[in-house]
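Take a look at the structure below.
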Amino acid sequence: MKQDKETYRQLHLQADALITGESDRTANLANVAALLHDVTGYFWIGFYLVKGDEMVLGPFQGPVACTRIGFGKGVCGAAWRDKCSYDVPDVHAFPGHIACSSLSQSEFVTPILVCDQVVAFLDVDSERLSDFYKADLEGIEGLADIIAKHWTTWT
Ligand code: SME
């Protein structure tokens with residue numbers, strides 16, 4: 001596995017502490033992206049925020065990425081359409097995958113759901129094939145849940 005369950009448990013505590021008491025959405029998402037990047041070492045970690053009929057790049061760590069993704073487009077758009085996480089062990093095998101970097105080999109996208117509405121996505125890319133294990137998937141989804149819990153208190 002990339003990181004174990006205990007590492008993600010600690011990460012969740014740290015993330016919750018970081019964003020509790022701070023109401024600025026950009027600052028909080030930026031800090032969460034930095035924390036997850038530091039702890040896991042994944043190649044690209046960032047947020048896409050739902051704005052109307054597309055999603056727009058938010059705070060991230062890693063190389064330059066595409067700015068806007070339409071509903072149903074790429075892995076993120078599919079996750080939006082289906083309102084669920086997507087674990088893609090080989091991005092080259094995913095029809096319609098949007099390649100922001102040729103280094104990306106596998107990807108995990110999970111929605112941030114507030115009152116059953118998708119407000120954003122947490123997107124993680126790896127430069128290795130099949131690089132997301134059970135603990136990673138659960139740990140990253142757990143982080144998205146923590147963000148969702150705070151979301152409506154942010155401006
Ligand atoms: N690969 C994504 C696009 C975003 S980048 O990975 C940062 C997709 O297919 O939706």
Worksheet, complete the sentence: Per its Cα gyration tensor (rounded if a/c is under 1.5, else prolate when a/b beats b/c, else oblate), the range 1-49 is best filed as oblate
Worksheet item: GNM on the chain, C-alpha springs below 10 Å: top fluctuator among Gly52, Gly41, Gly142?
Response: Gly52
Discussion item. Spelling out what I want: for every residue of the range 139-154, take phi, set θ = phi - 60°, compute 6.51 cos²θ - 1.76 cosθ + 1.60 (Karplus), and round to whole Hz; glycine and proline get x.
Written reply: x, 6, 5, x, 5, 4, 5, 5, 4, 4, 4, 8, 3, 6, 8, 9
Worksheet item: Given R₀ = 22 Å, FRET efficiency for Thr26-Ser101 by Cβ-Cβ distance, to 0.05?
Response: 0.45
Worksheet item: Which part of the range 48-63 falls in the paramagnetic zone of Val114, meaning amide N under 18 Å from the point 7 Å along Cα-to-beta-carbon?
Response: 48-60
Worksheet item: Per residue, what accessible area does the chain have, given a 1.4 Å probe and all protein chains present, in Å²?
Response: 47
Practice prompt. Determine the calculated [θ] at 222 nm for the chain from helices alone, applying -39500 (n - 2.57) to every DSSP H run no shorter than 4 residues and normalising by the residue count; nearest 500 deg cm²/dmol.
Written response: -12000 deg cm²/dmol
Worksheet, complete the sentence: For Asp116, the accessible surface traced by a 1.4 Å probe with all protein chains present amounts, in square angstrom to the nearest 10, to 100
Worksheet item: In the chain, carbon and sulfur make up what percent of the accessible area (probe 1.4 Å)?
Response: 53
Discussion item. I need the calculated FRET efficiency for the pair Trp154 and Glu54, taking r as the beta carbon distance and R₀ as 22 Å, to the nearest 0.05.
Written reply: 0.60
Fill in: Whole-Hz couplings from phi, Karplus 6.51/-1.76/1.60, listed for the range 12-27; x for Gly and Pro
4, 5, 5, 5, 4, 5, 4, 9, 6, x, 10, 9, 8, 4, 4, 4
Worksheet entry | Relative contact order %, the chain, counting alpha carbon pairs below 8 Å whose residues are six or more apart | 27
Discussion item. Taking each pair of distinct Cα atoms in the chain once, what is the resulting Kirkwood hydrodynamic radius in Å?
Written reply: 15.3
Worksheet item: Ordered by residue, what ³J(HN,Hα) values in Hz, to whole numbers, does the range 42-53 give under the Karplus form 6.51 cos²θ - 1.76 cosθ + 1.60, where θ = phi - 60° and Gly and Pro are x?
Response: 4, 5, 9, 9, x, 10, 10, 9, 6, 9, x, 9
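The values are calculated or read from the model by the stated rules, or taken from the named source; none is laboratory data. Because the structure is predicted, anything quoted here is derived from the model rather than measured. Methodologically, a virtual Cβ is constructed for each residue, glycine included, from the backbone with ideal geometry; neighbour enumeration extends over all protein chains shown. Just the protein is used for accessible areas: all its heavy atoms, side chains included, with ligands, DNA and RNA removed. Shrake-Rupley method; radii C 1.70, N 1.55, O 1.52, S 1.80 Å.
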